[in-house]
1. Which one, Pro113, Pro141, Pro30, has the greatest fluctuation when you compute a Gaussian network model over the chain with C-alpha springs under 10 angstrom?
2. Ignoring ligands and nucleic acids, what accessible area does Phe194 show with a 1.4 Å probe (Å², nearest 10)?
3. Just the accessible area for Val87, please: 1.4 Å probe, Å², rounded to the nearest 10?
4. I'd like the trypsin sites (Lys or Arg not before Pro) in region 128-209 restricted to DSSP loop residues with at most 14 other Cβ atoms within 10 Å, sorted by number.
5. Report, in order of residue number, the helices in the chain meeting two criteria: a C-alpha extent of 20 Å or more along the helix axis, and a mean Kyte-Doolittle hydropathy of at least 0.5; treat each whole DSSP H run as one helix.
6. Connecting C-alpha atoms closer than 10 Å in a GNM of the chain, tell me which of Ala140, Ala97, Ala196 has the biggest fluctuation.
7. About the Cα centre of the chain, how large is the charge dipole given +1 on each Lys and Arg Cβ and -1 on each Asp and Glu Cβ? Please answer in debye to the nearest 20.
8. Where is the GNM fluctuation largest for the chain (alpha-carbon springs, 10 angstrom cutoff): Gly44, Gly155, Gly81?
Amino acid sequence: LPGHGVSAMVEEGLVLVGNKTLLERNGVDPKGAEPEVERLESMGYTVVFVAVNGTLAGLIGVFDELRDGAVEAVSRLRQMGLRVLMVTGDNERVARAVAERVGITEVLANVKPQDKLNVVKMLQQQGLRVAMVGDGINDAPALTQADLGIAIGSGTDVAVESGGIVLIKDDPIDIARAITLSRLTMRKIKQNLFWAFIYNTALIPVAAFGFLNPILAAIAMALSSVSVLTNSLSLKTAHL
């Protein structure tokens, strides 16, 4: 049951494993476990409810370990002037606990899989350019809709196919590196256009009117190519 959990008949008994909404829709009251649920969620655990034949049978606390470099990645992105949001299907309490650990202040929680696409559209309608990072099947539509889709290499094939950039090493810091590299590349392109045009627009007319030896003009054009190549190669020494 997308966005809710799973149900199955086990030895003639109905077993439900999922979130609170799944239980409530099937007439199971999970309120008796609320103190334990709050304790687990405050620690950053996502709580999965288990019910058998209409009775709450247990809780499972699932915890996602933060990837190495996640805190540094968020810090780098914020330093670059980017607005960082967490979009998750987890509840507000769990999402806030995890977001606080990585330094994210804006959190959209309880987002159903199909609604991640709508979140991207909403941000775009505000005039923002959106980069989406994801690794699951549910992230694929949002990755496609975003101005820049960044897929985690170890994620599902659908997500990888939907991303404009694929992070092979699965290192979150590569998100910041990829954006930094793209910005540097665009800067180099503009600089190269400047050097190419400045030689052509300034020296060729001068040579055409006889104010400059054509040989010197030809040398200047060759120098423009050397300038463009040298400027491009300087990307190898860029700090990412």
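1. Result: Pro30 has the largest fluctuation of those listed.
2. That residue has around 110 Å² of solvent-accessible surface.
3. Accessible area of Val87: about 50 Å².
4. Details: sites: Arg129, Lys169, Arg177, Arg183, Arg187, Lys188, Lys190; in loops: Arg129, Lys169.
Those that pass, being in a loop and sparsely packed, are Arg129, Lys169.
5. Counting only whole DSSP H runs, the qualifying helices are 173-208, 214-233.
6. Ala196
7. Numbers: 22 positive and 25 negative charges, 314 e Å.
Around 1500 debye, computed over the chain.
8. Gly81
The values are calculated or read from the model by the stated rules, or taken from the named source; none is laboratory data. Just so it is clear, the structure is predicted and the values come from calculations on it, not from any experiment. Positions of Cβ are backbone-derived with ideal geometry, glycine not excepted, and every protein chain shown enters the neighbour counts. For accessibility, only protein heavy atoms count, side chains too; no ligands or nucleic acids. Shrake-Rupley method; radii C 1.70, N 1.55, O 1.52, S 1.80 Å.
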